[in-house]
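*Asks:* First the structure, then my questions, so here it is.
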């Protein structure tokens with residue numbers, strides 16, 4: 001699977017702001033979040049999330065509707081829809 005495009009927009013003493021842009025079927029690759037984070041969808045879309053045990057869930061993204069997750073989350077995130085999708089990921093350092 002192709003990897004989503006990843007850009008670091010800010011990396012300072014307080015936060016890391018990442019932008020992810022996915023084509024249909026693109027994925028992030030397996031990863032673990034070392035910091036708590038907030039996701040801010042830039043588009044509507046559908047995420048397919050593969051967990052370390054191999055199970056999968058889906059999550060609908062609504063443009064502008066943020067959600068947060070704690071540090072330690074492990075997963076691989078896929079664009080589960082037919083259209084491109086994008087979001088900002090804001091990692092909290094403190």
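Quick note: the coordinates plus some simple rules give every number you see, no bench work behind them. Since the model is a prediction, treat every value here as computed from it, not as a measurement. Virtual Cβ from ideal backbone geometry, glycine too; neighbours counted across all protein chains shown.
*Asks:* How many residues does the stretch 41-94 contain that are in contact (Cβ under 8 Å) with a residue 40 or more places away in the chain, in a loop (DSSP other than H, G, I, E, B) and surrounded by 18 or more Cβ atoms within 10 Å (Cβ to Cβ)?
*Replies:* Total meeting the criteria: 1.
*Asks:* What tally of residues in the stretch 6-40 results from selecting those that are in a strand (DSSP E or B) and either more than 16 Å from residue 88 (Cα to Cα) or more than 11 Å from the chain's Cα centre (by Cα) (or both)?
*Replies:* Going through the stretch 6-40 one residue at a time, the tally reaches 10.
*Asks:* Being touching a strand residue (DSSP E or B) at 6+ places or on another chain (Cβ under 8 Å) and over 21 Å from residue 48 (Cα atoms) is the filter here; which residues of the stretch 12-31 pass it?
*Replies:* Within the stretch 12-31, 14, 15, 16, 17 qualify.
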